[in-house]
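Everything on this sheet refers to the single structure shown next.
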Amino acid sequence: MSIAWEDSYLGRIREKVGSQMIIAPAARAIIQNEKEEILFVRRRDNDAWVMPAGGLELHESIFDCLKREVKEETGLDVISAKPIAMYTGSKYEYTNGYGDENKMFAVVFLVEWSGNILKETDETYDAKFFSLHNLPDIPNLYRETIEDLENYKLNGNVILK
């Protein structure tokens with residue numbers, strides 16, 4: 001079951017600090033099928049195709065965050081995960097659609113998974129695997145993530161940005 005934004009750690013922090021910049025720790029999942037296609041979900045709130053991801057909650061490990069977000073957004077179970085990249089630099093500072101300033105601290109994982117994909121969840125209304133040659137309209141951040149996955153596969157080193 002999803003946590004309501006206002007009850008989440010980041011939601012509670014945002015209520016106290018207003019729109020000033022906060023660090024937003026999060027996990028992002030790269031989920032591939034046997035053809036190495038990548039799973040994207042379509043968000044209910046903004047209609048965007050994204051990789052499953054979400055914010056870290058208090059008393060939760062980053063791996064538990066990853067498992068929770070993947071389950072909430074796809075219905076899948078995370079069996080194991082390899083960290084492949086961390087995005088923390090000033091390039092990843094942004095203002096969201098509500099005027100709130102955020103500094104991303106995202107850990108990107110390559111996920112081994114099981115289960116059946118849910119097409120609809122509380123947070124999403126579609127989920128599909130896409131080949132690298134037929135991606136949906138996705139934000140540049142996810143194109144960068146795919147490039148980083150390819151680099152990780154070549155050299156095996158976690159990418160720090």
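Where a number appears in this text, it was derived from the coordinates with a stated rule and is not lab data. Small disclaimer: the values here were computed from a predicted structure and weren't measured. In this analysis, Cβ positions are derived from the backbone assuming ideal geometry, glycine residues included, and neighbour counts consider all displayed protein chains.
How much of the calculated P(r) for the chain lies past 24 Å, in percent of all Cα pairs? Intermediate results must be reported in sequence, preceding the final value.
Numbers: 4062 of 12880 pairs.
Value for the chain: 32 percent of Cα pairs lie more than 24 Å apart.
Return the percentage of antiparallel bridges among DSSP beta bridges fully within region 5-160, rounded to the nearest 5 %. Around 65 percent of the beta bridges assigned by DSSP in region 5-160 are antiparallel ones. In this Cβ point-charge picture (+1 for Lys and Arg, -1 for Asp and Glu), region 5-160 has a dipole of about 260 debye about its Cα centre.
Note on the chain: with a GNM built from Cα contacts shorter than 10 Å, the maximum mean-square fluctuation among Lys103, Lys16, Lys71 falls on Lys16.
Which part of region 89-105 falls in the paramagnetic zone of Ser19, meaning amide N under 12 Å from the point 7 Å along Cα-to-beta-carbon? Residues passing the 12 Å test: 95-102.
Please list, by residue number, everything in region 17-34 whose backbone N is under 20 Å from a paramagnetic label point 7 Å out along Cα→Cβ of Asn116. Output list for this probe position: 32-34. Between amide H atoms placed 1.01 Å from N, distances below 5 Å from Ile159 occur with Ala85, Met86, all of them 5 or more places distant or on a separate chain.
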